[in-house]
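Every read-out reported here was derived from the displayed coordinates using simple, explicitly stated rules and does not represent laboratory data. This structure is a prediction, so every number in the text was calculated from the model and none was measured. Every residue, glycine among them, receives a Cβ derived from its backbone with ideal geometry; neighbour counts consider all protein chains shown.
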Amino acid sequence: MFFLSAVLLAASAAAGEYTPEAIADQIVSLPGTDDIKIPFNQFSGYLKVSETKNMHYWFVESTNSVENDPIAFWTNGGPGCSGLLGFLTEQGPFRVNEDLTLKMNEYAWNTVANMVFIESPCGVGFSYSDDPDNTGDYHIDDDGAAKDNYALIQAFLARFPQFRSNKLVITSESYGGHYMPTLAKEIVDQNEAKGKDSVEYINFKGFAVGNPDTTFYSAIPASLDTYWGHQLISKPTWDQYQKSCLGTHLHPQQKLEYCETLFLAMYHEVGNLNPYALDYPVCTEDSPRKYGRNQRAAFINHKLNCLGGNTVDKNTMAKVKQSLSITEDTYEPCADNYMGEYLNKDEVKNSIHVKTDIKWTDCNQKTLRYKQTDGGKSMTPYYNYLIDNKSIDLDILVYSGDDDDVCATIGTQSWIWDLGYNVSSHWKDWTVDQQTAGYITKWKDTNLVFATVHGAGHEVPTYKPKEALDLWERYLTGTL
């Protein structure tokens with residue numbers, strides 16, 4: 001199959017479709033795939049977003065229609081977590097087995113789109129700076145991340161110019177609730193400044209974001225409300241929280257040390273449940289495969305820092321770190337661990353053209369310094385800006401797995417109804433295989449859609465892959 005793929009790619013390149021830089025990035029042999037057939041071309045390498053910043057991407061072409069399908073850029077949240085989490089544990093074409101071989105994901109999103117998975121910001125995953133002593137390359141905020149990701153898109157389209165005219169969308173989850181609106185605004189503003197006749201004009205059509213961190217309430221306060229709603233904490237603890245903290249809404253500028261203590265007490269009461277999918281099992285494997293566990297700590301510590309307080313204590317975090325995510329018959333709670341060990345094999349690094357001296361982790365909590373106070377900013381003004389600008393006509397999908405506690409559905413409901421638009425279709429169920437998959441709401445004179453995914457956790461494609469693919473295809477085809 002690899003030989004056939006290379007032949008097909010060479011034939012296309014001979015016709016002028018692929019640049020020499022793209023051909024150099026082609027993955028011609030991927031460890032762990034001897035027993036599977038790969039029906040698409042894939043590429044991996046580095047894209048320059050500045051003189052010193054090198055951003056890693058992994059691109060898989062659509063298995064449907066490479067020439068006509070949209071091109072979508074995916075990144076995970078964090079902030080500072082790798083887009084390869086989505087690639088190998090969510091909606092990418094592969095899943096990693098316990099023996100570190102790969103298997104195909106029948107519900108991969110590249111069945112309907114050309115997918116580009118990125119590791120952003122610089123310092124995340126295999127992305128790196130040529131000047132490691134220049135700590136500025138690893139200091140970033142929402143605005144800087146948007147500018148770097150815009151530069152990455154432009155660098156990718158320069159390497160793969162045949163996709164310049166394709167419909168382009170961006171998509172993410174979790175802290176992607178910050179990444180996506182800010183990047184969307186950056187693309188829109190750059191397009192308007194350059195004009196449609198510019199060679200750098202991007203055929204940008206919208207964004208989709210799952211379980212988004214959008215307002216300050218939509219993270220920690222919403223998670224506490226969800227704990228109580230699921231009856232996972234005691235009434236005395238909840239009553240104390242309501243009495244002491246509820247009226248303050250845990251504003252990020254306040255020093256709410258007592259409320260932080262109550263938050264940690266609630267975590268202790270919940271115990272070893274998976275906060276990213278409350279009704280799913282956790283990984284109980286006792287092994288050195290710990291690469292996948294950092295994502296669980298990254299978001300919680302980021303949010304506590306937004307409160308102006310300290311990071312979670314080690315004993316509490318030890319419980320949180322046991323929660324690993326990855327439905328139904330395909331659910332593998334230790335998949336993050338397998339992914340981490342797979343990506344750190346030298347033969348894998350060589351195959352995907354990355355630096356072999358980089359130890360891959362899912363989230364950078366050592367060298368990356370993300371501006372903590374940005375996590376407390378509301379992204380709702382960005383939605384109004386993008387929706388009210390009728391000249392750009394963006395399709396915006398906000399979806400939420402209702403089994404998530406980290407960026408809970410109640411948090412999304414707390415802001416999306418207050419954007420100021422009139423509802424055209426209120427809370428209608430949508431189905432997959434004649435079963436209710438969730439509920440959809442639409443707003444008049446907008447292309448904004450809110451969908452819940454029933455029974456899905458924080459990473460919707462991980463827990464409900466078939467439903468997630470159905471929603472993704474409806475979004476891309478405009479049938480939502």
- Message: Show me, for region 422-430, the HN-Hα J-couplings you get by feeding each phi into the Karplus relation (A = 6.51, B = -1.76, C = 1.60, θ = phi - 60°), rounded to Hz, glycine and proline as x.
- Response: 8, 6, 9, 9, 9, 6, 8, 6, 10
- Note on the structure: Listing 153, 202, 23 by rising number of other beta-carbon atoms within 10 angstrom, fewest first, gives 23, 202, 153
- Query: If you stretched the chain out fully between residue 67 and residue 242, how much longer would it get, using 0.36 nm times the residue separation minus the C-alpha to C-alpha distance?
  - Reply: 57.5 nm
- Query: From a point 7 Å beyond the Cα of residue 428 in the direction of its Cβ, which residues of region 447-480 have a backbone N at a distance under 11 Å?
  - Reply: 480
- Rounding to the nearest 20 debye, state how big the charge dipole of region 397-454 is about its Cα centre with +1 on each Lys and Arg Cβ and -1 on each Asp and Glu Cβ. 320
- Task: Please report 81, 122, 283, 245 as a ranked list, fewest other C-beta atoms within 10 angstrom at the top and most at the bottom.
- Result: 245, 283, 122, 81
- Query: If you stretched the chain out fully between residue 37 and residue 165, how much longer would it get, using 0.36 nm times the residue separation minus the C-alpha to C-alpha distance?
  - Reply: 43.1 nm
- Query: For 84, 47, what ranking results if the residue with the fewest other Cβ atoms within 10 Å of its Cβ goes first?
  - Reply: 47, 84
- Query: With labels modelled as points extended 7 Å from the Cα through the Cβ direction, what inter-label distance (nm, one decimal) is found for residue 143 paired with residue 356?
  - Reply: 4.2
- Message: How would region 103-215 be classified by its alpha-carbon gyration tensor: rounded, prolate or oblate, with rounded meaning a/c under 1.5 and the a/b versus b/c comparison settling the rest?
- Response: rounded
- Listed residue pairs exceeding 19 Å between alpha carbons, taken from 185/444; 103/466; 103/345; 37/349: 185/444; 37/349
- Query: What residues qualify as long-range amide H neighbours of residue 438, i.e. H under 5 Å apart, gap of 5 or more or another chain, H built at 1.01 Å from N?
  - Reply: 430, 454
- Note on the structure: Distance in Å, no decimals, from the C-alpha centre of region 135-179 to the one of region 354-405 is 11
- Roughly how many nanometres apart are two label points built 7 Å out from the Cα toward the Cβ at residue 345 and residue 418? 5.0
